[in-house]
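Let me begin by presenting the structure, written as structure tokens, before commenting on it.
No value in this document is a laboratory result; all are computed from the given coordinates. The structure presented is a predicted model; accordingly, all values stated were derived computationally and were not measured. Cβ: placed from backbone, ideal geometry, glycine included. Neighbour counts: every protein chain shown.
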Amino acid sequence: MLYVAAIGLVAMTAHDAAEMSTYWQLFIPLVALVSILGGWRWAGTSSADRWTYIVRQILHWAVLILVLRLLYAHAVQDFLNDEQSAFVTIYLIGLAAVLSGIYIDWKMALFGTFLLLSGVAIAWLNDNWMILTLVVGIAAVAAIALSLLVRGYLVKPTHTSPAA
């Protein structure tokens, strides 16, 4: 579920990063909930252990939200444009997920790594869109030419001789 939502957010960020920071921030409670549920089996058996676990998780994700709120304060926001804000948000959520995964559940660390690599991929695609378009265009032309060549090779015209 997290991956599907993250892929949707990544796709929307790649299309229009300027407006996506808010949506990424709204994604944090879902990531936090999955993190809490994913590590529940290691929370201990006593109620004190479980409450300690929940409080630590809530503090972990609340600090992430606090840091993002501080980044988007007017004094700091002047240093980041809207596009950069979305990438910073992705990277911070990815970092928080990796750290949560290191301490609790390796699957959350994988998800955080996925987010970090997604942010890098979006930045790379935005910087190299012309090269990517050229490569995709060449590959499309090559695929069409190859399919026409194979089709012409496999479908040979049959000549029938006239009946005598």
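What are the semi-axes of the equivalent ellipsoid for the range 2-127, taken as the square roots of 5 times the Cα gyration tensor eigenvalues, largest first, in whole Å?
Working: eigenvalues 156, 54, 21 Å².
Here the semi-axes work out to 28, 16, 10 Å.
Set the Förster radius R0 to 22 Å, insert the Cβ-Cβ distance between Y103 and W51 as r into 1/(1 + (r/R0)^6), and round the FRET efficiency to 0.05. Walk me through the intermediate numbers first.
On the way: r = 17 Å, r/R0 = 0.77.
Taking R0 as 22 Å, the efficiency between Y103 and W51 is 0.85.
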